[in-house]
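Input: a single structure, listed below in structure tokens.
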Amino acid sequence: VFLLTYFFGMAASVWWVVLSLTWLLAAGCKWSTEAIASYSVHFHIVAWGLPAVQTGLALAFSAIDGDPVSGICYVGNTNVHFLRLFVLGPLTVYFVFGVLFLAIGFFNLWRIRIEVQKQQHGLENVTKVTQLMSKIGIFSVLYTVPALFLILVLFYEQRHRPLWEQAALCSCSSTKADTDININRLS
């Protein structure tokens, strides 16, 4: 189960970066479909190879452990350092690069749209560019919002997990305010 969830989750993130890069190459650098397709082997090597290397490193470092609640094996269930190194770090890097490529690509598409609008007979082409921008925008939102939410949840978890673990192991670490509230409830 670990191989399925970790490898394909990371591969999906890398493919997002590749997709954003190809949009940038098409819109910003005005590459043709054929030019982008000529690099497809390289894109596949990176998009499948990078997660394979990450998965191999996670296995080599024995970073895989089981979640006591769900029973699913993953990286960083019991070790925050492995969570940062193998999950949070790569996901954040992939997200930042994907959004960066996407933003630059959108900026270039916007410039193309303005250039087409200046032409007298470009109304149909403006509509096509606008539709393309809408499709890319909708897909981007459908990916970036859940990805950003996942990254924020992982940041929150790695920040607060030591406190949660300490509270679960020792209930004697309650604060004076907690004790005062409990005493007031009894009276």
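The values are calculated or read from the model by the stated rules, or taken from the named source; none is laboratory data. This structure is a prediction, so every number in the text was calculated from the model and none was measured. Here the Cβ positions follow ideal geometry from the backbone for every residue, glycine too, while neighbour counts run over all protein chains shown.
With respect to THR55, is the statement that it is out of contact with any Phe, Trp or Tyr (no Cβ under 6 Å at 6 or more places or on another chain) and part of a helix (DSSP H, G or I) true?
no
Quick check on the range 26-48. Is at least one of its residues touching a Ser or Thr at 6+ places or on another chain (Cβ under 8 Å), assigned to a helix (DSSP H, G or I), of a type outside the set (Val, Ile, Thr) and surrounded by 14 or more Cβ atoms within 10 Å (Cβ to Cβ)?
yes
Only residues in the range 64-78 that are on the phi > 0 side of the Ramachandran plot count as the first member; pair them with residues that are modelled with pLDDT of 90 or more and assigned to a strand (DSSP E or B), Cβ under 6 angstrom, at least 6 apart or cross-chain, and list the lot.
Between residues of the range 64-78 that are on the phi > 0 side of the Ramachandran plot and residues that are modelled with pLDDT of 90 or more and assigned to a strand (DSSP E or B), there is no close pair.
When only residues in the range 73-117 that are in contact with a Gly (Cβ under 7 Å, 6 or more places away or on another chain) and either aromatic (Phe, Trp, Tyr) or over 27 Å from LEU24 (Cα atoms) (or both) count, which is surrounded by the most Cβ atoms within 10 Å (Cβ to Cβ)? Before the answer, list the steps.
Filtering the range 73-117 down to residues in contact with a Gly (Cβ under 7 Å, 6 or more places away or on another chain) leaves 73, 77, 82-83, 86-87, 104-105, 108, 116.
Now narrow it down to the ones that are either aromatic (Phe, Trp, Tyr) or over 27 Å from LEU24 (Cα atoms) (or both): 73, 77, 82-83, 86.
Details: CYS73: 16, ASN77: 18, PHE82: 20, LEU83: 20, PHE86: 23.
Ranking the qualifying residues of the range 73-117, first place goes to PHE86.
Return the residue satisfying two criteria in turn: it lies in the range 7-40 and is of a type in the set (Ser, Thr, Tyr) and without any contact (Cβ under 8 Å) to a residue 24 or more places away in the chain, and of such residues it is nearest to THR92 (Cα to Cα).
First, the residues of the range 7-40 that are of a type in the set (Ser, Thr, Tyr): 13, 20, 22, 32-33, 38-40.
Subset that is without any contact (Cβ under 8 Å) to a residue 24 or more places away in the chain: 22, 32-33, 38-40.
Numbers: THR22: 20, SER32: 30, THR33: 29, SER38: 28, TYR39: 25, SER40: 24 Å.
Here the answer is THR22.
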